[in-house]
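The values are calculated or read from the model by the stated rules, or taken from the named source; none is laboratory data. Model, not experiment: these values are computed from the prediction. Cβ: placed from backbone, ideal geometry, glycine included. Neighbour counts: every protein chain shown.
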């Protein structure tokens, strides 16, 4: 089953939790734009512009870009899924 197929099932089963998690991740991604260098450099990537914010079980992995008003989100990742593969933009 793809994530697209799983999302509607989860949305029906646990709508409040899912909506809360999605809102939290969205808000965190917006906050990163305000303080883009606050995240730690992702270990093993070898590029100081690829950073992450960790909160609970979630990682938001992003890349600093040359626009001071923007970051590029590479991944939203739950730690239970192991280590993400990072394909830089």
Filtering the range 26-43 down to residues that are touching a residue at least 24 places away in the same chain (Cβ under 8 Å) and over 13 Å from residue 74 (Cα atoms) yields 28, 33, 36, 37
On the given criteria, is residue 80 assigned to a helix (DSSP H, G or I) and either modelled with pLDDT under 75 or loosely packed, with under 13 Cβ neighbours inside 10 Å (or both)?
-> yes
